[in-house]
Each structure stands twice: as C-alpha cells, then as structure tokens.
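Structure first, commentary second.
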Amino acid sequence: MQYRSLLTKMKTELQDEVQYFLETEFDVLNMNQLLDRELAFYFVKYECLNCHENKKIFRQGFCYDCFQSSAKVGDWIMKPELSTAHLDQEDRDLEYEKKVQLQPHIVYLANSSAVKVGVTRKTQVPTRWIDQGAHEAIEILEAPNRYLAGITEVALKNHVADKTNWRTMLKNEIKDENLIEIRDQLLQYIPDEAKDYVIGNNKETNINFPVIKYPEKLKSLNLNKAQNYKGKLVGIKGQYLIFEDQTVFNVRNNEGLVVDLELV
C-alpha cells in the first residue's frame, strides 16, 4: 500500500505512550501501528508550505523567497525576545504577529538530553515537549505575551541549557532529574517584570515514547540526496522515525518534501 504525503511535523497525542499521526493526501496514518514494519520512502518533489510551488526548500518548509518575506518565519519565532507586537510595532505583518505573540506563553524546563529551558505558546503544551523528545517537563511561568517569555528564557539560559542534543536524546542516554528543585533554583534569575507570572506548579509531566529499540550509532537520512530509503521502523521519538539499521529520519526537518510512503 502506498501513500503520498507533503511532509509536515507529525501530530501527536499524549497518552500512556505518545501517539503519532502522519497526514497523507487522502488519509492520516497512525505511525505507532507501523512499528516493526518495513517502510519505503521515495522523494517526489518539493512543495513550499507557504506558496505551494515546487521550489527547493530553504528552511522550516519554506522556499527561500517565502522564508525572507513570510510573517510565519520572522526572527521572533526562533528568538521570542525579539517580539514587538506588544509595542504595536510590526516586523512583517502586525496583524499576524499580534495574533501569535499576544497570547499566553509558557516558559518551561524539559529533560530530553539534559535539562533545558524553552518557550512555547500555552496551546502547544505538551506538544512542544513531545516534539523535543523530552521524557519529563515542568512549567515555570505563564506570561501574557511572547516577549516576556522570551526575555525570561534569555535570563535563564545563562544558568541552564537551551538546546537539545538530538543524538543523546535518540540514544536514550538520559537520566531523570528533579525538575522542581532545578526550577526553584532558577526563580531568582527571572526578570522583575516577569516575576508576577511564576506558576506555583509542583507537578512534572512524564512522557513515554513508542520505541522498540534505541540506536547505538546514528545515521541521519537525507532524503534529498538519497532519493529513496527502505527500513524497518523500530521507534518514534521527538519528531524522529528510528529504523532497525540505526537510520533516523527527522520528519519536521524535512517539511516541504513530497514523498511516497510505501508499506512493504
């Protein structure tokens, strides 16, 4: 059976074990049900997620022209502290920026390869943690806009990491940490204007991923170059598909690729 898919990040549901769903042209696949099965991927073409033209993907599923112009990929996306909608100042499209930036944002700690600090919209909890492959996470504060969350993250990342080591995460070379204790140690570094938004939350969220076998060595699949690949799916973590031959495929990093997926 074969399915065509314009790759976008897999949808997820937090259950006892995270459920993963891949959208295809006419269907939605529950990827958990494909564990321990042979899958084949064939590169078909590019399709920019913004203009939908067959143009080479530059970043985040966008072609170069759209990446330079679309409000959906402004600098404030990756650097929340650059948000200016709360000042009524436009970056690329003030209406869109107000819609996204002027809503509740969560500053959190997540443990994927090590404890890191991050920012996400409240509506993206716990999705953001799942996408990062975190096995535990806790909220620190809920800010009313992206800017306040961003400056808090900047202040805290002087004392805790803000990046995930994807190799460590995928090998599952992790250890449990006391996130409540680490959170409490970091409270002193929160900027004054954000301190009123600290959450008195003493509950960690624990996340279990559908993995039969973790890889010991990693081979990252570049479907642009390889054009096709076949392997047995043995795990899903973060936004990665893990195969028996220790190949890993980051679905999110390949957004904008149109592929044919065959169930062998």
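The values are calculated or read from the model by the stated rules, or taken from the named source; none is laboratory data. Treat the numbers as computed from the prediction; the structure is a model and nothing was measured. So basically every Cβ, Gly included, is an ideal-geometry build from the backbone, and we count neighbours across all protein chains shown.
What do you reckon, is Leu34 modelled with pLDDT of 95 or more, touching a helix residue (DSSP H, G or I) at 6+ places or on another chain (Cβ under 8 Å) and not assigned by TED's automatic domain parsing to the domain that holds Gln124?
Working: modelled with pLDDT of 95 or more: yes; touching a helix residue (DSSP H, G or I) at 6+ places or on another chain (Cβ under 8 Å): no; not assigned by TED's automatic domain parsing to the domain that holds Gln124: yes.
Spelling it out, it is not the case that Leu34 is modelled with pLDDT of 95 or more, touching a helix residue (DSSP H, G or I) at 6+ places or on another chain (Cβ under 8 Å) and not assigned by TED's automatic domain parsing to the domain that holds Gln124.
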Hey, could you check region 6-42 for residues that are out of contact with any Pro (no Cβ under 9 Å at 6 or more places or on another chain) and among the aromatic types (Phe, Trp, Tyr) and say which is surrounded by the most Cβ atoms within 10 Å (Cβ to Cβ)?
Phe41
Lys237 vs. criteria surrounded by fewer than 14 Cβ atoms within 10 Å (Cβ to Cβ) and either modelled with pLDDT of 95 or more or more than 20 Å from the chain's Cα centre (by Cα) (or both)
no
Name the residues in region 52-65 that are surrounded by 14 or more Cβ atoms within 10 Å (Cβ to Cβ) and either in contact with a Leu (Cβ under 8 Å, 6 or more places away or on another chain) or assigned to a loop (DSSP other than H, G, I, E, B) (or both), would you?
Lys55, Ile57, Gln60, Gly61, Phe62
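List the strands (runs of 3 or more DSSP E) inside region 209-264, counting only whole elements, that have at least 2 residues being touching an Asp or Glu at 6+ places or on another chain (Cβ under 8 Å).
Numbers: elements: 228-237, 240-243, 247-250, 257-263.
Counting at least 2 such residues, we get 228-237, 257-263.
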What number of residues within region 207-234 are aromatic (Phe, Trp, Tyr) and either surrounded by fewer than 19 Cβ atoms within 10 Å (Cβ to Cβ) or over 25 Å from Lys175 (Cα atoms) (or both)?
2
Hey, does region 117-124 have a residue that's more than 24 Å from Phe67 (Cα to Cα), buried (at least 20 other Cβ atoms within 10 Å of the Cβ) and of a type outside the set (Asp, Glu)?
yes
